[in-house]
Structures are given as C-alpha cells and as structure tokens.
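First comes the structure, then the notes that go with it.
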Amino acid sequence: MQRISDWRAGRNVPARFESLVPVLLTLIEAAGGAAEVPRRLSDLGAWHRLWKAARGEVDSSRVGCLPEATATLIRAFECLLIPELLQTEDYARAVVTLGYWTRSERLRRVELHRRCRDILAPRGGPTVWAVLDEAVLRRPVGGAQVLRAQLEHLVEMSSWPNVVIQVLPFGASGHTPVGTSFTLLRFAGRALPDIVYLHQLNGTAYLNRPAELDLYRRAMDCLATQADSQDRSRARLMAAAAGL
C-alpha cells in the first residue's frame with residue numbers, strides 16, 4: 001500500500017507495467033486466487049489504470065479510491081474535517097479550496113471525491129464507523145450554509161445501518177492524545193491484512209506493520225469508548241446544525 005501512495009505522488013513508478021504483471025499474479029495466487037481476493041484488487045485493469053495515472057498518462061481521477069472500494073470496514077478518527085466518504089459535494093469543494101493545488105487539481109479531487117462517495121449507500125457497500133472531534137462540527141468550512149447542509153447530511157447518514165457516527169465532545173477529559181486524523185481499513189477474509197492510512201501534504205502514508213496496526217486499533221477503540229453514544233452524537237449534530 002505504501003507503493004500505491006508513492007505512485008499517486010509520482011514517485012518510484014515502474015517504467016513498464018508488463019514487468020509488474022508476474023508479481024501481481026503471484027500475489028493474487030498466494031492470497032488464494034482471484035476468487036478469494038476482493039474483485040478490484042484482483043483486476044489487472046484497475047492496477048493498469050493506477051500505473052498509467054501515476055505515469056501521467058491518464059487523469060488519476062479515473063483510478064478511483066482503490067483501498068476504500070475494497071474494504072468491508074472503514075474506521076476513521078477526524079480532528080479537522082468531515083471524513084471524505086461522509087462529505088457533501090459542496091463541503092468537498094470547500095475543502096479543496098483550502099489546499100495549495102492548482103485549479104485543475106482541485107477539479108480532479110472533487111471528481112475523485114464523488115467517485116469515492118459512490119461506494120457508500122444506505123444498503124450495501126462497506127461499514128463506516130467515524131469518530132469526530134467536536135471541533136469538526138464547529139469549523140465553518142465553506143460558510144454557515146455549507147456546514148449546516150453537511151451536518152444535516154451526517155444526521156441522515158447516521159440512520160443508515162452501515163454508518164456509525166460518534167462525536168468526541170470538548171468536555172471529554174483524558175481522551176486518547178492521538179494528535180492526528182487516521183483511517184483503519186479492514187478487508188474481507190484473511191487474504192489481505194488491515195491497513196492504516198494518514199493524509200499528508202505530499203500524499204497518503206500507508207501503515208501495515210503489526211505493531212502499528214495494534215497501536216491504531218487500540219487508539220480507535222479508546223476514542224470510540226470516550227465519545228458520545230450514537231444517539232447523543234446524533235442529537236449533538238442536530239443541535240450544531242440548528243445553531244447555524
């Protein structure tokens with residue numbers, strides 16, 4: 001997964017895709033064959049598009065969000081912004097204006113967000129469990145109207161059977177000092193290990209060492225315990241929206 005992050009940042013991109021095919025086929029076979037591997041990860045066409053995007057041969061927005069699209073459980077802690085999968089399009093547009101990207105890159109990121117958001121539906125798709133620092137509810141990204149619509153969207157999504165949203169209130173004392181937002185991904189079966197990814201200014205860092213995974217799992221469990229219940233979190237979201 002770190003190699004995927006390097007490719008998306010344009011680093012360490014192999015000159016020929018053909019040289020990667022034997023490696024990919026070997027990994028798929030070692031994982032139990034294509035039938036045992038999530039469809040997108042066993043699709044050489046998807047890997048080819050990822051490679052071409054990294055080489056600058058196609059618009060990387062066509063690649064889609066490969067890790068999230070194949071995950072069965074996505075657990076996220078956010079201390080700055082609404083998680084990407086839960087963002088409205090207007091909120092996502094406001095977020096990209098905060099970055100140091102060119103206009104074309106901003107448009108690409110909005111389109112990529114739309115494609116990624118499509119993997120989540122009221123029935124179907126992965127389970128998303130998000131813990132939001134209360135500061136996220138107060139940060140006026142895009143202005144009051146955009147934030148209100150975003151919070152109302154969260155209230156609606158919180159009723160979905162595959163979405164859990166909790167708020168870590170300001171008053172929570174002694175909560176886990178993680179210091180940064182992070183996302184844990186879990187995949188079906190045992191063929192693929194869990195991964196953690198961290199968004200950075202120069203790309204996304206993927207962590208998959210057992211000690212790293214254990215650390216972030218324990219941090220996520222603690223944050224979920226210290227946050228408000230789902231019902232109280234939903235009430236807090238509604239109150240924050242009403243106050244705008």
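Residue check: is Pro122 assigned to a helix (DSSP H, G or I), of a type outside the set (Phe, Trp, Tyr), closer than 19 Å to Asn162 by Cβ and modelled with pLDDT under 65?
No.
Residues Val128, Val141: which one is of a type in the set (Val, Ile, Thr), touching a helix residue (DSSP H, G or I) at 6+ places or on another chain (Cβ under 7 Å) and surrounded by fewer than 22 Cβ atoms within 10 Å (Cβ to Cβ)?
Of Val128, Val141, the one residue that is of a type in the set (Val, Ile, Thr), touching a helix residue (DSSP H, G or I) at 6+ places or on another chain (Cβ under 7 Å) and surrounded by fewer than 22 Cβ atoms within 10 Å (Cβ to Cβ) is Val141.
Can you tell me which residues in the stretch 225-237 are in a helix (DSSP H, G or I) and at pLDDT 95 or above?
Once the filter is applied, which keeps residues that are in a helix (DSSP H, G or I) and at pLDDT 95 or above, the stretch 225-237 yields Gln230, Asp231, Arg232, Ser233, Arg234, Ala235, Arg236, Leu237.
Please specify each residue of the stretch 78-88 satisfying the condition of being modelled with pLDDT under 90 and open to solvent by 40 Å² or more (accessible area, probe 1.4 Å).
Glu84, the sole residue that qualifies.
Condition check: open to solvent by less than 20 Å² (accessible area, probe 1.4 Å), more than 28 Å from Glu105 (Cβ to Cβ), modelled with pLDDT under 95 and small (Gly, Ala, Ser). Does Ala188 satisfy that?
no
Looking at the structure I just gave you, is Leu107 over 15 Å from Leu151 (Cα atoms), open to solvent by 80 Å² or more (accessible area, probe 1.4 Å), outside any helix (DSSP H, G or I) and of a type in the set (A, V, I, L, M)?
Against the criterion (over 15 Å from Leu151 (Cα atoms), open to solvent by 80 Å² or more (accessible area, probe 1.4 Å), outside any helix (DSSP H, G or I) and of a type in the set (A, V, I, L, M)), Leu107 does not qualify.
Could you give me the residue pairs with C-beta distances under 7 Å whose first residue belongs to the stretch 141-152 and is at pLDDT 95 or above and aliphatic (A, V, I, L, M), whose second residue is open to solvent by 30 Å² or more (accessible area, probe 1.4 Å) and assigned to a helix (DSSP H, G or I) wherever it lies, and which are 6+ apart or on separate chains?
Note: pairs meeting the criteria are Val146/Asp90; Ala149/Asp90.
Name every residue in the stretch 153-171 that is open to solvent by 50 Å² or more (accessible area, probe 1.4 Å) and either modelled with pLDDT of 95 or more or in contact with a helix residue (DSSP H, G or I) (Cβ under 9 Å, 6 or more places away or on another chain) (or both), in order of residue number.
Glu156, Ser159, Phe170, Gly171
The values are calculated or read from the model by the stated rules, or taken from the named source; none is laboratory data. Nothing here was measured: the structure is a model prediction, and the numbers come from that model. A quick note on method: Cβ atoms are made from the backbone with ideal geometry, for glycine too, and the neighbour counts reach across all protein chains shown. Surface areas here come from the heavy atoms of the whole protein model, side chains and all, with no ligands, DNA or RNA. Shrake-Rupley method; radii C 1.70, N 1.55, O 1.52, S 1.80 Å.
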